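Notes to accompany the following structure.
The values are calculated or read from the model by the stated rules, or taken from the named source; none is laboratory data. Owing to the predicted nature of the structure, the values given are computational and were not obtained by experimental measurement. With ideal geometry, Cβ positions are generated from the backbone for all residues, glycine too; neighbour counts draw on all protein chains shown. Remember, those area values only see protein heavy atoms, side chains included, never the ligands or the DNA or RNA. Shrake-Rupley method; radii C 1.70, N 1.55, O 1.52, S 1.80 Å.
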Amino acid sequence: PANHEQNPKHYLQTGHPAIVPGSMGTSSYVMVGLPETAETYFSINHGAGRTMSRGEARRTIKKEEFEMKMGEILYNKPFHVISDEAPQAYKDIDLVIETLVEADLSKKVCRLRPLAVIKGD
């Protein structure tokens, strides 16, 4: 949070930003901690969190469902390669973020919307 002794000088007054990623088909957020994060050792979650295993995602998510969720977002690999990372395999990032905000652990700085996904090998 702001004024925390371990913040670099340029984040002392604002608080240190943290990126909380959603899935490849949903938004991510830049957050900043609030004093109440002392209860979590000045840590917040590092992503939306999965709702299904990679194997379950590969077995159950259909290509048509995946493409509908991805919408206009570009991706560089065939569906069968990236289906385990489908947006449907993750929690709703907006609900996750609202939980952090409602718990007074962090505040939203900005919401980032994906334009493209690049998955390596």
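Name the single residue that is most open to solvent (accessible area, probe 1.4 Å) among those in region 29-46 being assigned to a loop (DSSP other than H, G, I, E, B) and in contact (Cβ under 8 Å) with a residue 40 or more places away in the chain.
It comes out as Phe42.
Quick one: how many residues across region 2-36 are on the phi < 0 side of the Ramachandran plot and touching a Pro at 6+ places or on another chain (Cβ under 6 Å)?
9
If you go through region 80-100 one residue at a time, how many are among the aliphatic types (A, V, I, L, M), within 14 Å of the chain's Cα centre (by Cα) and open to solvent by less than 40 Å² (accessible area, probe 1.4 Å)?
Total satisfying the criteria: 6.
Only residues that are among the β-branched types (Val, Ile, Thr) and in contact with a helix residue (DSSP H, G or I) (Cβ under 7 Å, 6 or more places away or on another chain): list them for region 43-91, please. So that I can check it myself, show each step before the final result.
Start the filter on region 43-91 by keeping residues that are among the β-branched types (Val, Ile, Thr), which leaves 44, 51, 60-61, 73, 81-82.
Residues satisfying the conditions are Ile44, Thr51, Ile61.
With the structure loaded, tell me whether Val20 is farther than 25 Å from Asp121 by Cβ and not small (Gly, Ala, Ser) or whether it fails that test. If you could, list the steps in order and put the result at the bottom.
On the way: farther than 25 Å from Asp121 by Cβ: yes; not small (Gly, Ala, Ser): yes.
In short, yes.
Could you tell me whether Asp104 is among the charged types (D, E, K, R) and not in a loop (DSSP other than H, G, I, E, B)?
no
Let's see how each residue does on (1) assigned to a loop (DSSP other than H, G, I, E, B); (2) more than 24 Å from Asn3 (Cα to Cα); (3) open to solvent by 40 Å² or more (accessible area, probe 1.4 Å):
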{"site": "Glu56", "(1), (2), (3)": "no, yes, yes"}
{"site": "Glu65", "(1), (2), (3)": "no, yes, yes"}
{"site": "Lys108", "(1), (2), (3)": "no, no, yes"}
{"site": "Lys119", "(1), (2), (3)": "yes, yes, yes"}
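Residue check, Glu72 against (1) part of a helix (DSSP H, G or I); (2) loosely packed, with under 13 Cβ neighbours inside 10 Å, all met but one. Which one?
(1)
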